[in-house]
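Right, one structure below, let's go through it.
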Amino acid sequence: MSDDTKKVALPAYLLRRLQAFRIVSGDQTSYLLRDKLLSKTYDLEPWQFFLLEVLPGCDNYPKLASVFEDRFGRPISEAELRRFFAETADRKLFASEAESHPLLREFTRQGYDVVDGEARARDFTPPVSEPAATAAAGVSTGSEATARKAAEVTPAKAAEKLAKAEDADEAAADLPAGINDAVGFDPRTVRRMWVLFDPRPLLNVTLPLVRPLRALIYLIPVMVAMALMVFFQNPDAFRHDVEHMLGDVSFLQHLIFSMFTVNLLNTLLTAWTAHYYRATVSGIGIGLVFGFLPRFMPRVGHVKQLQRTEKMWLHAGPLLSRLFMASGGLLLWATTRDSQGLLPELALALAIIAALGLLLSANPLTRGSAYHLLAAFTNEPHLRGKAYKALLNRLHGKVYRQADAEILSAYAAATLLFSFVVIAVVLLLLAVWLSDLQLGGLAVVAVLVIGAVLTRRTWTRFGKIEASYERSQQFERWRRRAVPEEVVKGETVDAAPAGRRYLRIALLLVVVALMFLPYRYTPSGKFVVYPSQQVAVTSDIGGLITEVLSDGGERLPKGAPLARLATDDLQVEIDTLAARMREQEAVVADLRARPKPEAVEVARRALESARNQVAFSTDRAARLTSLHAVKAVTTEELEAARRQARQDVDAVALREAELALARIGATPEQIAAAEAALKALADQQAGVQQRVARSVLRMPIDGNVLSLRLGRRLNSYLPRGEVFAMVEDAKVMSLELELPESDLPYLREGADVEVRASALYDDVYRGEITLVDRNVTAQTFGNVVKVLVSVRNPDERLRTGMTGFAKVDAVTMPAWKAFSMSVLRFFQVHVWSWLP
């Protein structure tokens with residue numbers, strides 16, 4: 001389409017074969033009627049074209065003249081109107097339907113004159129009188145204007161206008177349903193496309209090879225069912241692998257992978273399908289979707305000859321291919337996941353990208369494959385336009401007759417809702433991502449700015465739709481003499497823009513003033529909840545669990561029994577120690593009863609016996625000495641007798657000492673030693689008894705039993721030191737809060753903290769900082785400082801492991817500084833480091 005020529009709607013009562021164009025040259029506007037059948041063109045002034053447009057709503061000359069004066073600000077006479085209609089009738093531009101209009105009826109009945117014996121059609125245009133020409137001075141009448149235009153239009157100029165009209169006709173012609181506004185088929189959808197190559201030779205060679213693959217369509221239902229079963233059977237593994245993949249692969253890598261897999265395959269599939277259906281695929285190139293996203297796309301021409309079923313397959317093919325790749329990728333991931341190689345990661349990435357593309361393109365509310373498939377199915381090239389018109393008609397209280405208003409209105413309303421839902425989802429994901437980056441107030445500003453931009457763009461788009469609707473209703477207002485009241489009263493149209501301009505300035509000043517108000521800066525970050533006191537219930541003895549008194553999950557007081565262990569072996573040891581203690585007690589009693597008369601008498605008699613033995617052995621040694629002198633005994637016998645005598649003397653000394661000891665009794669030291677041995681046995685017995693007591697597992701603190709289903713451990717063996725249950729005190733919880741290291745100057749022990757858990761978003765808990773970590777911890781998104789926060793939990797709704805966000809009460813500063821600290825820090829640190 002040329003810059004100054006545009007095809008417009010043909011006015012009523014004109015021949016249907018005519019085409020109307022508006023030509024703008026500088027500040028001059030004219031209209032052109034083109035007759036393709038006769039290869040003729042007709043020039044019209046704007047006021048002439050306007051008269052033809054409003055004829056359906058004006059059934060008499062006064063009303064038509066009034067509408068004309070309201071539009072152009074000058075009167076027009078009935079004679080001028082008749083002359084214009086007559087000239088139009090002489091050009092044979094009126095259709096047969098013009099006879100039904102009261103003003104045109106007389107110009108549809110052709111009269112004849114006999115000239116030289118021949119019947120000649122009589123012109124409707126009356127001759128122009130001089131007074132009439134004088135009266136019309138300054139106002140172009142129909143005949144004068146037409147004559148002047150005819151004189152001005154030279155053959156070269158007419159050819160130029162005809163060429164412009166043909167170009168405009170080709171560019172502005174509506175494409176069929178399913179082709180109109182479709183990327184790759186409608187050249188108006190992509191402003192810039194870099195063509196890489198002409199694929200027609202490649203398509204001619206490869207189409208016979210890939211054509212048998214269309215049988216894979218019958219496998220898609222089975223593959224989808226199997227993929228869904230795999231997904232629902234392995235949700236944890238799928239989530240784990242997706243998180244691992246997203247953490248290792250950047251967005252740019254995902255974009256390149258999707259472009260050379262799903263996007264390229266769909267482009268080739270569309271090219272093959274279009275080539276098979278006799279369309280011309282003149283090129284495959286790279287275009288920008290949404291103005292910045294590069295995508296492969298085909299350039300397909302000669303699409304008007306496609307049948308309805310063929311157009312539907314053109315758009316159904318990409319949908320089915322995405323479904324095939326999503327399910328096939330998921331099945332390939334499931335079968336190769338144990339190999340731990342690159343293949344399962346690529347399969348999972350292919351499945352996710354194909355599924356996301358399917359989710360977007362299969363939505364009939366967006367202009368994707370499903371929308372164009374629906375448009376081709378309903379044979380409606382302007383499905384969204386008619387739906388919006390139906391919705392606006394319903395909102396404005398009018399009736400839309402061209403289609404089912406209920407269905408189209410619902411479709412348009414769903415499209416509007418979907419647009420704002422997409423914006424909300426985008427903002428939510430952006431907010432989550434920015435919160436992970438720990439940007440503070442800058443994240444809020446970024447989300448608000450981007451949300452405002454997206455909302456404004458969407459609202460502007462629908463505002464253009466509203467303006468287009470108002471323009472489409474202009475004809476109805478002129479036909480029914482329904483000129484807006486403010487226009488009739490001559491109100492200026494610049495008042496509203498001026499008022500909006502002042503309102504914008506006022507809002508800007510208010511925002512600037514608010515930026516200088518004091519603002520309480522509160523650093524925020526994620527936290528994880530931990531109990532302030534958590535104890536493991538265990539035992540220093542191993543044993544068989546003979547009784548379980550708590551199944552877990554309850555809140556119990558300190559000392560409440562949880563389970564009992566078998567103590568039969570310990571009881572035997574206790575009995576043995578008791579017997580040894582009784583024996584030792586007897587020993588102590590015996591020592592305390594000394595000296596005993598019986599023991600003294602025994603010692604005395606033993607002494608007497610020893611003395612008698614000394615006398616005997618001494619006499620014998622003397623006799624043997626005499627005998628040895630006469631050589632009657634040997635020397636050995638004499639020595640043996642003397643040795644025995646000396647031993648007997650020593651025995652007497654021992655017996656005398658024993659007698660003296662027996663007369664004295666037990667010493668205090670002996671009694672103390674015996675009593676110490678008795679106490680050792682008693683202590684040993686008490687230790688065993690304490691072990692028996694500890695065989696009953698009890699609550700170490702007042703709190704909650706975290707472990708569940710403890711009853712299942714009955715009759716199982718509990719090894720020494722193994723944990724039987726976990727117990728915590730949830731009245732006071734400890735939070736581990738991660739804050740950006742940039743907020744370290746604003747953190748202090750004892751500072752108030754406001755806590756909101758994700759699961760308890762309606763509840764606000766308050767606590768205070770108990771410890772600020774002296775170390776800085778590195779995270780993937782930046783360095784953080786860990787802070788311990790003590791929070792009272794009287795209702796015990798905060799649970800261990802919960803997460804959320806907390807704000808620390810820091811300092812007061814101007815609002816502009818609080819929301820721009822990240823920017824200021826960037827310039828004061830990073831930019832400063834760049835300076836030489």
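The values are calculated or read from the model by the stated rules, or taken from the named source; none is laboratory data. Keep in mind it's a predicted model, so treat the numbers as computed, not measured. Methodologically, a virtual Cβ is constructed for each residue, glycine included, from the backbone with ideal geometry; neighbour enumeration extends over all protein chains shown. All accessible areas refer to the heavy atoms of the entire protein, side chains included, with ligands and DNA or RNA removed. Shrake-Rupley method; radii C 1.70, N 1.55, O 1.52, S 1.80 Å.
Some points to look at:
- Rounded FRET efficiency, nearest 0.05, which uses the C-beta distance separating A676 from E768 and R0 of 41 Å: 0.15
- 1.4 Å probe accessible area per residue over the range 40-97, in Å²: 40 Å²
- Taking the protein heavy atoms of the range 648-763 in the context of the full set of protein chains, the accessible area attributed to carbon and sulfur is 53 percent at 1.4 Å.
- Cα-based shape type of the range 267-317, given that a ≥ b ≥ c are square roots of the gyration tensor eigenvalues and the cut on a/c is 1.5: prolate
- Computed lengthening from R457 to R694, 0.36 nm per intervening residue step minus Cα-Cα distance: 78.0 nm
- Surface analysis of the range 666-727 yields an accessible area of 57 Å² per residue, using protein heavy atoms and a 1.4 Å probe.
- Efficiency of FRET between I217 and F805 - r from beta-carbon atoms, R0 51 angstrom, step 0.05: 0.55
- Mean accessible surface per residue for the range 777-836, computed with a 1.4 Å probe while every protein chain stays in place, in Å²: 62 Å²
- In terms of its alpha-carbon gyration tensor, the range 205-335 comes out oblate; a/c meets the 1.5 threshold, while b/c is at least as large as a/b.
- Shape analysis of the range 9-65 places it in the oblate category; the axes a ≥ b ≥ c from the Cα gyration tensor give an a/c of at least 1.5, with a/b not above b/c.
- GluC sites (Glu not before Pro) lying in DSSP loop within the range 627-732, provided at most 12 other Cβ fall within 10 Å: E722
- Chain lengthening between R74 and V425 when straightened (0.36 nm per residue, less Cα-Cα): 120.9 nm
- Candidates per trypsin sites (Lys or Arg not before Pro) in the range 651-721, loop by DSSP, up to 11 other Cβ within 10 Å: R709, R720
- Here's the picture: a label point sits 7 Å out from the Cα of A593 along the beta-carbon direction, and within the range 650-672 the residues with their amide nitrogen under 14 Å of it are 666.
- Extension gain for L835 to E97 (0.36 nm times residue separation, less C-alpha to C-alpha distance): 257.7 nm.
- With the simple spin-label model, which puts each label point 7 Å out from Cα in the Cβ direction, the L627 to D551 separation comes to 10.0 nm.
- Between the range 747-826 and the range 654-708, the Cα center-to-center distance that results, in Å: 57 Å
- Paramagnetic reach from I664 in the range 580-595 [backbone N under 13 Å; point 7 Å along Cα→Cβ]: 595
- Among 51-64, 81-94, 592-605, the order from most to least packed when residues are scored by Cβ within 10 Å on average: 81-94, 51-64, 592-605
- Note on A579 and D619: the model spin-label points, each 7 Å out from Cα along the C-beta direction, lie 5.3 nm apart.
- Accessible surface of the range 500-560, 1.4 Å probe, proportion on carbon and sulfur as whole %: 65 percent
- Label-point separation, K6 to Q533 (7 Å along Cα→Cβ), nm: 7.9 nm
- Cβ-derived FRET efficiency at R0 56 Å, D795 paired with F257, nearest 0.05: 0.70
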